[in-house]
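Here the structure comes first, spelled out in structure tokens, and everything after it is commentary.
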Amino acid sequence: MAILEVIVQAMMLGGLYALFAAGLALVFGIMRIVNLAHGDFIVIAGFLALIVTWAIPVHPFVSLLIVIPVMAAIGYVLQRGLLNRIVGADPMAPLLVTFGLSILIQNALLQAFSGDTRKLQAGAIETSSMSIGGTAVGHYPILVFVVAVGVIWGLQTLFYKTRLGYVLRATSDDAQTVRLMGVDHRHIYAIASALAFAVIAVAGVLMAVRTNFDPTLGPARLLTAFEVVIIGGLGSFWGALIGGMVLGLAQAIGARIDPGIQMLVGHVVFLLVLLVRPNGLMPKVGH
Amino acid sequence: MSNTLLSLDGVDTFYGEFQALFDLSIEVGVGECVALVGSNGAGKSTLLKVISGLMSPRSGTVSLRGENIGGVGAETVVKKGVTLVPEGRRLFPSLTVEENLLMGAQAKRGGPWSLERIYQLFPNIAERRRNLGGALSGGQQQMVAIGRALMTNPDLLLCDEISLGLAPVVVRELYERMATIRAQGMAVVIVEQDIGQASKVATKLYCLRSGRVVLEGSPSSLSRQQITEAYFGLETTAHGHS
């Protein structure tokens, strides 16, 4: 059944894209920083998992136990040591710094790992499937989608139901005034960055299991994340999931028509949303 | 003096090249209510920013119970017991009233103030605890801003123009509540452009002009004329008496 195949494909792409976008949206939402090296950090997470699975023979998913904390630590230190110096300055500074970072990362990865394409081997789950109405539905696409929903739900709950959540939102509203409440905004920014990088870790590993990757893939992941954020809007983390699903569905339909136009259809749908709903499908309200 | 809570001595402050405060010295005693009056641009808000740690003095000292707190940063100053209610209220718009109040508890100072006590003090914000801060009236927003500051359990509360843009009846209510707040033994510094309101509640008054203290004394010992002259910088014969 063609429709079911398209939907399954869209769930996997959409879930992956939502994870790409969630970290970008989080960093932009709290610190108003557009991290142009976002995609490259997704690739770094893939390589990190590769190293872990080389060093100790564990399943790529188990490697997340190491990759997530390491990426979160990188996020914290990057924010505290570098990006905090340019928060709130004119928006050009973070763009230039993270653009430079992106070039630096790609070249460093090329030096360290060469330009060969890599892949994380996840074993049976990559190809296993179940039959629904005669159509083979892969376990992996379902897993990616479930993880994406779980991560988005987790972020949404963290932001709107916990103490750290309202401190993060208050810091996003007014970083000067939180200082009057005894909150060090630089630390909160770094926590937000660490959270984003934890999501990047999950996105990177899921990507590296699904496709071949190499050091130059970052910018394309960034573009996808951008499109998802703009389609979904910055109103809530669910916007990232919706944006991801819209883009994933567009690409899945495109691929069904002609594999060569998969990306093109995605970009066209993105442009259409930008034309009709420039603030995205779930825009930020108030203010 | 052993009952001195805060003292500023010879404080100079700059915005870039522009000097906003000149060799400024003031003192606030334990439990005292001090009013800072002066026209726009006299340096009142700058002074509160220096005390609360949002700005650093270029020279001079800010000491709290003898400890220098000049330039240590606002997040540290609040933990030592000094909290600013900022000009324009500055509620967090994406937080509910209750979350705004709970932000004050982030300073993690123990003391008499809790959510329940704030809601007792301002019953009409208790009804709106689930609303976003931006949905409240100006007076209610100011109550939340004061409540949020009280949640830090300060020894010294700095209030920057809390009556600005509010109806007279609301201002009267706020100042009535201020008496309840002060009954806890908390010292308060009030910045106002409205001399009348400030001198009613204050035990000591400083008048600022162009970044300098031009008059100080207890409101009862100062004549209306003396304060007005200092406020506007009028050179009249009465000036010799002050």
Next on the checklist: Filter region B:177-207 down to the residues that are surrounded by fewer than 15 Cβ atoms within 10 Å (Cβ to Cβ), among the basic types (Lys, Arg) and not in a helix (DSSP H, G or I) and list them by number.
Outcome noted: none
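Quick check, is A:LEU195 of a type in the set (A, V, I, L, M) and crowded, with 23+ Cβ neighbours inside 10 Å? Outline the logic, then answer.
Numbers: of a type in the set (A, V, I, L, M): yes; crowded, with 23+ Cβ neighbours inside 10 Å: yes.
Yes.
Results for (1) out of contact with any strand residue (DSSP E or B) (no Cβ under 7 Å at 6 or more places or on another chain); (2) closer than 26 Å to A:ILE142 by Cβ; (3) modelled with pLDDT of 95 or more; (4) more than 14 Å from every other protein chain (Cβ to nearest Cβ), shown as yes or no for each residue.
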site	(1), (2), (3), (4)
A:LEU195	yes, yes, yes, yes
A:LEU206	yes, yes, yes, yes
A:ARG221	yes, yes, yes, yes
A:ALA225	yes, yes, yes, yes
A:GLY243	yes, yes, yes, yes
A:LEU249	yes, yes, yes, yes
A:GLY254	yes, yes, yes, yes
A:ARG277	yes, no, no, yes
A:MET282	yes, yes, no, yes
Item to check | Matching entry among B:GLY111, B:GLY81 (being on the phi > 0 side of the Ramachandran plot and surrounded by fewer than 21 Cβ atoms within 10 Å (Cβ to Cβ)) | outcome: B:GLY111
Checklist entry - Do we have B:GLU75 as within 12 Å of chain A (Cβ to nearest Cβ), within 15 Å of A:LEU180 (Cβ to Cβ) and touching a residue at least 60 places away in the same chain (Cβ under 8 Å) here? => result no
Item to check | Subset of region B:181-228 (residues that are over 17 Å from the mean Cα position of the chain (by Cα), farther than 16 Å from B:GLU32 by Cβ and polar (S, T, N, Q)) | outcome: B:SER210, B:SER223, B:GLN225, B:GLN226, B:THR228
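Could you check region A:84-98 and list, in sequence order, the residues that are among the aliphatic types (A, V, I, L, M) and either surrounded by 13 or more Cβ atoms within 10 Å (Cβ to Cβ) or at positive phi (or both)?
From region A:84-98, those among the aliphatic types (A, V, I, L, M) are A:86-87, A:89, A:92-93, A:95-97; that's our starting set.
Once the filter is applied, which keeps residues that are among the aliphatic types (A, V, I, L, M) and either surrounded by 13 or more Cβ atoms within 10 Å (Cβ to Cβ) or at positive phi (or both), region A:84-98 yields A:ILE86, A:VAL87, A:ALA93, A:LEU95, A:VAL97.
Determine whether region B:37-45 contains at least one residue that is more than 14 Å from every other protein chain (Cβ to nearest Cβ), of a type in the set (S, T, N, Q) and farther than 16 Å from A:MET181 by Cβ.
As a first pass, look at region B:37-45 and keep what is more than 14 Å from every other protein chain (Cβ to nearest Cβ): B:37-44.
Filter once more, keeping what is of a type in the set (S, T, N, Q): B:39-40.
Subset that is farther than 16 Å from A:MET181 by Cβ: B:39-40.
So far as region B:37-45 goes, yes, one or more of its residues are more than 14 Å from every other protein chain (Cβ to nearest Cβ), of a type in the set (S, T, N, Q) and farther than 16 Å from A:MET181 by Cβ.
For A:VAL58, are the conditions met, namely being in contact with a Leu (Cβ under 9 Å, 6 or more places away or on another chain) and in a helix (DSSP H, G or I)?
no
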Checklist entry - A:LEU234 fails exactly one of the following numbered conditions: (1) within 25 Å of B:ARG130 (Cβ to Cβ); (2) at pLDDT 95 or above; (3) within 14 Å of chain B (Cβ to nearest Cβ). What is the number of that condition? => result (2)
Checklist entry - Taking region B:121-136 as the region of interest, how many residues are free of Cβ contacts under 8 Å to residues at least 12 places away in the same chain and touching a helix residue (DSSP H, G or I) at 6+ places or on another chain (Cβ under 8 Å)? => result 1
Checklist entry - Does A:ILE33 meet the test of being over 15 Å from A:ILE68 (Cβ atoms), β-branched (Val, Ile, Thr) and surrounded by 21 or more Cβ atoms within 10 Å (Cβ to Cβ)? => result yes
Checklist entry - When you look at A:ILE103, is it at pLDDT 90 or above, within 21 Å of A:LEU64 (Cα to Cα) and assigned to a helix (DSSP H, G or I), yes or no? => result no
Checklist entry - Just checking, how many residues over region A:161-172 are farther than 19 Å from B:LEU150 by Cβ and touching a Leu at 6+ places or on another chain (Cβ under 7 Å)? => result 3
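Pick from region A:147-191 the residues that are among the small types (Gly, Ala, Ser) and closer than 26 Å to B:THR83 by Cα: which of them is surrounded by the fewest Cβ atoms within 10 Å (Cβ to Cβ)? Spell out how you get there, then give the answer.
Step one: filter region A:147-191 for residues among the small types (Gly, Ala, Ser), giving A:148, A:150, A:154, A:165, A:170, A:172, A:175, A:182, A:190.
Add one more test, that the residue is closer than 26 Å to B:THR83 by Cα, and what stays is A:165, A:170, A:172, A:175, A:182, A:190.
Details: A:GLY165: 17, A:ALA170: 26, A:SER172: 22, A:ALA175: 19, A:GLY182: 22, A:ALA190: 21.
Across region A:147-191, the extreme among qualifying residues is A:GLY165.
Residue check: is B:ARG109 within 13 Å of chain A (Cβ to nearest Cβ), in contact (Cβ under 8 Å) with a residue 40 or more places away in the chain and within 18 Å of the chain's Cα centre (by Cα)? Working first, answer last.
Numbers: within 13 Å of chain A (Cβ to nearest Cβ): yes; in contact (Cβ under 8 Å) with a residue 40 or more places away in the chain: yes; within 18 Å of the chain's Cα centre (by Cα): no.
Considered against the rule, which asks whether it is within 13 Å of chain A (Cβ to nearest Cβ), in contact (Cβ under 8 Å) with a residue 40 or more places away in the chain and within 18 Å of the chain's Cα centre (by Cα), B:ARG109 comes out as no.
Give region A:254-287 a look and list any residue that's of a type in the set (A, V, I, L, M, F, W, C) and buried (at least 19 other Cβ atoms within 10 Å of the Cβ), or say none.
If the condition is that a residue be of a type in the set (A, V, I, L, M, F, W, C) and buried (at least 19 other Cβ atoms within 10 Å of the Cβ), then A:ALA255, A:VAL265, A:VAL269, A:PHE270, A:VAL273, A:MET282 are the ones that fit.
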Checklist entry - Given the structure, is A:SER172 of a type outside the set (D, E, K, R) and at the interface with chain B (Cβ under 9 Å from one of its Cβ atoms)? => result yes
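Just to verify a result, which residue in region B:151-177, among those that are among the aliphatic types (A, V, I, L, M) and in contact (Cβ under 8 Å) with a residue 60 or more places away in the chain, is farthest from the other protein chains (Cβ to nearest Cβ)? Please lay out each step first, then the result.
Initial filter on region B:151-177 (among the aliphatic types (A, V, I, L, M)): B:151, B:156-158, B:162, B:164, B:166-167, B:169-171, B:174.
From what's left, in contact (Cβ under 8 Å) with a residue 60 or more places away in the chain: B:156-158, B:162, B:164.
Details: B:LEU156: 13, B:LEU157: 11, B:LEU158: 10, B:ILE162: 15, B:LEU164: 17 Å.
Looking at residues that are among the aliphatic types (A, V, I, L, M) and in contact (Cβ under 8 Å) with a residue 60 or more places away in the chain, I get B:LEU164.
The values are calculated or read from the model by the stated rules, or taken from the named source; none is laboratory data. Please read these numbers as outputs of a predicted model, since none were measured by experiment. Here the Cβ is made from the backbone with ideal geometry for all residues, glycine too, and neighbour counts use every protein chain on show.
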